[in-house]
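J.: Dumping the structure here so I can ask a few things about it.
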Amino acid sequence: MLSLKWRKQGINFDSISGKLKIMNRTKKKNYMLAFHLVLSTAILTGCSNIEGRHNEKTGQQTDIVAEKTDNDVEKGITFQDGNGNVVALNDLKGKVVFINFWATWCPPCIAEMPSINELKAKFGENENIIFLMVDVDGKHKKSQAFMDKREFNLPVYIPHSEIPKEFLSGAIPTTVILDKKGAIAARIEGGRDYSKPEIVNALKQLIEE
């Protein structure tokens with residue numbers, strides 16, 4: 001059952017097809033339908049974002065934000081790479097941004113990592129999409145060693161500012177996808193196979209907007 005907020009937005013769930021349907025919406029909103037698989041096939045596991053607290057949740061669907069949020073949400077949010085360089089989300093407008101909040105001790109985070117690596121590889125050197133793998137523990141050296149050992153080509157960052165609840169509300173892995181205007185196009189909690197064609201196509205559609 002969708003929330004009243006969703007229904008007021010004109011977003012309905014077709015129980016037969018298992019897809020979200022957006023009624024009387026402009027073409028600009030149609031890309032959100034491409035994320036229907038993320039919602040309709042989710043049987044997931046998540047961890048508390050506190051190290052050592054796995055607190056796994058199973059058999060639950062993802063949380064997904066289907067309507068765009070205020071573009072001001074990302075203002076002031078920054079991340080830092082291993083060389084001390086700071087990246088501000090506000091400076092990444094004009095690009096699609098894929099942010100994954102994770103930790104090296106979180107089993108669902110580890111399980112989905114190969115698919116994220118595969119997803120990034122599908123976009124090659126495309127400069128219109130940015131991937132940020134954010135270690136919520138702030139342990140860059142440890143998380144980078146994790147990536148190197150598995151030969152994942154995924155850029156590691158740590159939080160440099162407070163992360164608002166609109167991005168991270170308490171469980172990892174959490175993935176946030178921002179459109180070119182810096183608004184949240186999707187927020188997904190729990191493990192996911194990001195190599196699926198539906199997700200690749202949804203990101204391509206965001207890039208083309």
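The values are calculated or read from the model by the stated rules, or taken from the named source; none is laboratory data. Worth saying up front: this structure is predicted, and the values here are computed from it rather than measured. Methodologically, a virtual Cβ is constructed for each residue, glycine included, from the backbone with ideal geometry; neighbour enumeration extends over all protein chains shown.
J.: Can you tell me which residue is modelled with the highest pLDDT among those in the stretch 70-92 that are buried (at least 16 other Cβ atoms within 10 Å of the Cβ) and over 12 Å from L132 (Cα atoms)?
T.: Selected residue: I77.
J.: Would you point out which residue out of K141, K149, K122 is under 17 Å from K196 (Cα atoms), in a helix (DSSP H, G or I) and not aliphatic (A, V, I, L, M)? Quick ask: steps written out before the conclusion?
T.: On the way: K141 fails: under 17 Å from K196 (Cα atoms); K149 fails: under 17 Å from K196 (Cα atoms).
Every option except K122 fails the conditions.
J.: Are there any pairs, at least 6 apart or on different chains, whose C-beta atoms fall under 7 Å, with the first in the stretch 92-112 and touching a residue at least 12 places away in the same chain (Cβ under 8 Å) and the second assigned to a helix (DSSP H, G or I) and basic (K, R), and if so, which?
T.: T104/K142
J.: Right, another one. Name every residue in the stretch 140-175 that is farther than 20 Å from N117 by Cβ, in contact with a strand residue (DSSP E or B) (Cβ under 7 Å, 6 or more places away or on another chain) and surrounded by 15 or more Cβ atoms within 10 Å (Cβ to Cβ), in order of residue number.
T.: Matches in the stretch 140-175: P159, H160, E166, F167, L168, A171.
J.: Okay, moving on. Any residue at all in the stretch 148-170 that is touching a Cys at 6+ places or on another chain (Cβ under 8 Å), in contact (Cβ under 8 Å) with a residue 40 or more places away in the chain and either under 21 Å from T78 (Cα atoms) or not polar (S, T, N, Q) (or both)? Before the answer, list the steps.
T.: Here is the first cut: in the stretch 148-170, the residues touching a Cys at 6+ places or on another chain (Cβ under 8 Å) are none.
So far as the stretch 148-170 goes, no, none of its residues is touching a Cys at 6+ places or on another chain (Cβ under 8 Å), in contact (Cβ under 8 Å) with a residue 40 or more places away in the chain and either under 21 Å from T78 (Cα atoms) or not polar (S, T, N, Q) (or both).
J.: Looking only at the stretch 116-147, count how many residues are in contact (Cβ under 8 Å) with a residue 60 or more places away in the chain and either over 19 Å from I207 (Cα atoms) or not aromatic (F, W, Y) (or both). Even if it seems obvious, please write down each step before you answer.
T.: We begin by selecting, within the stretch 116-147, every residue in contact (Cβ under 8 Å) with a residue 60 or more places away in the chain; these are 116, 118-119, 122-123, 126, 128-129, 136-137, 140, 144.
So of that shortlist, the ones also either over 19 Å from I207 (Cα atoms) or not aromatic (F, W, Y) (or both) come out as 116, 118-119, 122, 126, 128-129, 136-137, 140, 144.
Residues that pass the stated criteria total 11.
J.: Can I ask one more? Out of all the residues in the stretch 177-198, which are on the phi > 0 side of the Ramachandran plot and free of Cβ contacts under 8 Å to residues at least 24 places away in the same chain? Give the derivation first.
T.: The first filter runs over the stretch 177-198 and keeps only residues on the phi > 0 side of the Ramachandran plot, leaving 182, 190.
Correct list: empty.
J.: In the stretch 51-69, is there at least one residue being at pLDDT below 95, in a loop (DSSP other than H, G, I, E, B), in contact with a helix residue (DSSP H, G or I) (Cβ under 7 Å, 6 or more places away or on another chain) and basic (K, R)?
T.: no
J.: Is it true that some residue in the stretch 201-209 is in contact with a Phe, Trp or Tyr (Cβ under 8 Å, 6 or more places away or on another chain), buried (at least 16 other Cβ atoms within 10 Å of the Cβ) and either within 24 Å of N85 (Cβ to Cβ) or charged (D, E, K, R) (or both)?
T.: no
Let's see how each residue does on (1) in contact with a Ser or Thr (Cβ under 7 Å, 6 or more places away or on another chain); (2) at positive phi; (3) of a type in the set (D, E, K, R):
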site: D91; (1), (2), (3): no, no, yes
site: I110; (1), (2), (3): no, no, no
site: M113; (1), (2), (3): no, no, no
site: N117; (1), (2), (3): no, no, no
site: G124; (1), (2), (3): no, yes, no
site: N128; (1), (2), (3): no, no, no
site: M133; (1), (2), (3): no, no, no
